[in-house]
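Working notes for the structure below.
The values are calculated or read from the model by the stated rules, or taken from the named source; none is laboratory data. On a predicted model such as this, the values are computed, not experimentally measured, just so you know. Because the Cβ atoms are built from the backbone with ideal geometry, glycine has one as well, and the counts that use them run over all protein chains shown. Heavy atoms of the whole protein, side chains included, go into the accessibility calculation; ligands, DNA and RNA do not. Shrake-Rupley method; radii C 1.70, N 1.55, O 1.52, S 1.80 Å.
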Amino acid sequence: MLLFVALIQGSMLIGQIKQRNLPEFDYKKYHFGFLLSVNTSDFFFDYKPDYTFSDSLYGIDNQKQQGFNLALLASYNLTPNIRFRFIPGLSFQDRGLNYRFLAADGTQESQLKRTESVYLDFPILLKLRTNRVNNFAAYALIGGKYSRDMQSQKDVNNSLGADVILKLKDTDYSLDVGGGFDFFLPFFKLSLEMKVANGFPNVLIQENTIYSNPIEKLRTRTVIFSVCFEG
C-alpha cells in the first residue's frame, strides 16, 4: 500500500515538473519587466612610474563597497535564442581607495577616500539563450553601457574645503559581460543573473593633490547580481 501511494505521488510530481508554464512566451517579439540588483564596486588603477614614497605614500588598496540598482527592461526577440535587451535604470555605487601614508612616528596611517555615485545607466545587451527545457533555460550576456553620474563632484573646488575630494568624470562607458538562468513560472518569468561591468575610459580628474598625484589611470569595475521579473 505504501509503495502504491509513493508511486502515485511520484507520478504527480513528474507531471508537475513536465508542465510547461507560459508556453507562448517565446513566440512574442517584445517583453517588458524590471530588475532589482545589488552591486559591489571598486577600481582598476595604474600608478605613475615615480609614485613610490611620494608625499610619504606607501601604497593604495582597493576597498570594495556595496550598492544597489533599479532598472526597467525592454526585450526584443530576434530569434528564439537571441534577444536584444535595453535596461535603463539607476545605479547607486560606492567605491573606496585606502591610502597608506608614513606617519611622523614612523608607523603607517590609513586614509580611506570614498567616491559615491548615482549613475543613470543606458545598457544595450545581447542575450544568447539555450533552448528551453521544460521551465528552465540558461543564457549569456554581452554588451555595452553608457553611464552618467547624477551626483558628480567634478566641479567642487578642493581649495575651499578642508577635506580633499578625489574627483571623477561624470561620464563612463563599460563592457558588460555575464550570464544567468530563466525560470518560467505560472504568471511571469523570473531570471537570476550575474554581470561584470568593466569601464574602459580613465575617469580620474587630475588636480595634483596627494590623492590624485600617484595615480596614472583610474577605471571603474562593478559586479552586479540581479533578479529580473519579465512578463
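Summary table below
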{"item": "Hydrodynamic radius by Kirkwood, which averages 1/r over all alpha carbon pairs of segment 21-101, in angstrom", "result": "16.5 Å"}
{"item": "Computed [θ] at 222 nm, helices only, for the chain once each DSSP H run of length n ≥ 4 contributes -39500 (n - 2.57)", "result": "-2500 deg cm²/dmol"}
{"item": "Residue-wise HN-Hα coupling along segment 63-74, computed from phi with Karplus coefficients 6.51, -1.76, 1.60 (Hz; x: Gly, Pro)", "result": "10, 5, 10, 9, x, 8, 10, 10, 8, 9, 10, 10"}
{"item": "Estimated inter-spin distance, residue 63 and residue 190, nm [label 7 Å along Cα→Cβ]", "result": "3.7 nm"}
{"item": "Whole-Hz couplings from phi, Karplus 6.51/-1.76/1.60, listed for segment 109-126; x for Gly and Pro", "result": "10, 10, 10, 8, 9, 9, 10, 9, 9, 10, 8, 9, 9, 9, x, 10, 10, 9"}
{"item": "Accessible area of the chain divided out per residue, in Å², using a probe of 1.4 angstrom", "result": "55 Å²"}
{"item": "Neighbourhood net charge (14 Å Cβ-Cβ; Lys/Arg +1, Asp/Glu -1) for residue 226", "result": "0"}
{"item": "Relative contact order, percent, the chain [alpha-carbon distance under 8 Å, six or more residues apart]", "result": "22 percent"}
{"item": "Positive-end residue of 227, 174, 200, charge dipole of segment 159-231 with Cβ unit charges", "result": "200"}
{"item": "Evaluated at q = 0.11, 0.14, 0.22, 0.23 Å⁻¹: base-10 log I(q)/I(0), Debye formula over Cα of segment 90-190", "result": "-0.60, -0.77, -1.14, -1.18"}
{"item": "Residue 216 versus residue 92: modelled label distance in nm, points set 7 Å from Cα along the beta carbon direction", "result": "3.7 nm"}
{"item": "Partners for residue 154 among aspartates and glutamates (Cα-Cα distance below 13 Å; same-chain residues under 8 apart left out)", "result": "116, 170, 207"}
{"item": "Of all accessible heavy-atom area on segment 114-229, the percent that carbon and sulfur account for (1.4 Å)", "result": "63 percent"}
{"item": "Net charge of neighbours whose Cβ lies under 12 Å from the Cβ of residue 126, counting Lys and Arg as +1 and Asp and Glu as -1", "result": "+3"}
{"item": "Whole-Å distance, taken between Cα centres, linking segment 111-173 and segment 56-92", "result": "6 Å"}
{"item": "Point-charge dipole on Cβ atoms (K/R +1, D/E -1) for the chain, about Cα centre, debye to 20", "result": "1180 debye"}
{"item": "Listed values [x] 0.97; [y] 1.16; [z] 1.04, entry calculated as Rg/Rh (Cα atoms, Kirkwood Rh)", "result": "[y]"}
{"item": "Residues residue 118 and residue 19, FRET efficiency given R0 of 45 Å [Cβ-Cβ distance, rounded to 0.05]", "result": "0.55"}
{"item": "Accessible area of residue 38 in the full protein assembly, 1.4 Å probe (Å², nearest 10)", "result": "80 Å²"}
